[in-house]
Ligand code: FAD
């Protein structure tokens, strides 16, 4: 079933989760254990992130450096299919522009179609240190809107080879949004204009970057509605569980924290107290979002199922 169908049918806010594939070489068992912990909440869908290849410099024994290209976390499609059929839950496969040609993306979508996976999240992907060289007869999607366009075309039976007689696919398409603005966007207004292009091109729903201040989400939704974006906008929630998050999350995700949360975390006597503070803060945040009847709350679980589970159990959902 499609995410948009769940959202349209729901009378109360839904709860969904986002998980991350294991590091290359590691077993999927650790992810299955996370999913098992989360399945008690009967989520309608679980997102599985995707990761492009990256370049790293590795120091050699003689002191020189060599450039190593690795895709640290492969396996998004396989893992999504395994979770879907093992746990009978819909999975949303994240697809990226970065690191993939349109021809590779078309192949990936064909695989997903055969696997019966109906939901994809169309993302540009983070800018990586590695820029794959593209063969002259291959093409790339520059922005998420281009990827949305490719998927929408396939939903109309239009594949890259326009002479191909192709059946229509039927993917439900999610896209990302940033209540605090994407860090490369010149302004929030410009970012929302590009978001509208993604929706006008075929996106069915939106999931936001993690927010720690609900007012930013509510304000963002108002701006989007004023700009003519009518699809559901799902807030993303991440639990702050370590002091390190105060610097790492703003650096990686361009998000900010309310002053009182920062103060309380800095005053905490140990890691356990930081977790308590982060958990209590997220609980208040989620309660407010539930009362506001948001369409769904999307938890960035990554590999931290226990804290998210404790929070949801505390809410009695
Ligand atoms: P876009 O919508 O393409 O926007 C990127 C930037 O370009 C923005 O600043 C936008 O304003 C601007 N822009 C957009 N269109 C145009 C245009 N036509 N012309 C000029 N400028 C334009 N990353 C991963 O690598 N893997 C994941 O699995 C993943 N999952 C995510 C899930 C969610 C819910 C979110 C919010 C983010 C996720 N990301 C993931 C991160 C995401 O890939 C990055 O934030 C990336 O930098 C932007 O992706 P986007 O799809 O929003 O890009």
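Taken together, the values in this text are just the output of simple stated rules run on the coordinates, not laboratory data. If you're wondering where the values come from, they're calculated on a predicted model, not measured in any experiment. We place every Cβ from the backbone using ideal geometry, glycine too, and count neighbours over all the protein chains shown.
The figures follow:
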quantity: Estimated 222 nm signal from helices in the chain, with DSSP H stretches of n ≥ 4 weighted -39500 (n - 2.57), rounded to 500; calculated: -13000 deg cm²/dmol
quantity: Size descriptor, Kirkwood hydrodynamic radius, that averages inverse alpha-carbon separations across the stretch 1-147, Å; calculated: 17.0 Å
quantity: Calculated FRET efficiency for the pair residue 248/residue 56, C-beta based, R₀ 30 Å, to 0.05; calculated: 0.95
quantity: Radius ratio Rg over Rh of the stretch 205-268, counting only Cα atoms, Kirkwood formula for Rh; calculated: 1.05
quantity: Kirkwood-based Rg to Rh ratio, the stretch 115-201, C-alpha trace; calculated: 1.01
quantity: Potential lengthening between residue 161 and residue 183 on full extension [0.36 nm per residue; Cα-Cα distance subtracted]; calculated: 4.4 nm
quantity: Relative contact order of the stretch 3-315, defined on C-alpha pairs under 8 angstrom at six or more residues apart (%); calculated: 19 percent
quantity: Residues of the stretch 9-41 with amide N under 14 Å of the 7 Å Cα→Cβ point at residue 68; calculated: 24-25
quantity: Dmax and Rg, reported as Rg then Dmax, of the stretch 3-315 (C-alpha, Å); calculated: 19.9, 66
quantity: Zero-based 10 Å bins, Cα pair distances in the stretch 169-289, whole percents; calculated: 13, 40, 29, 15, 3, 0
quantity: Efficiency of FRET from Cβ geometry, residue 292 and residue 272, R₀ 51 Å, rounded to 0.05; calculated: 0.95
quantity: Computed Rg/Rh of the stretch 66-215, alpha carbon atoms with Kirkwood Rh; calculated: 0.97
quantity: Bridge type composition, the chain - antiparallel percent by DSSP, nearest 5; calculated: 20 percent
quantity: The stretch 152-176-the stretch 1-62 distance, computed between alpha-carbon centres (Å); calculated: 25 Å
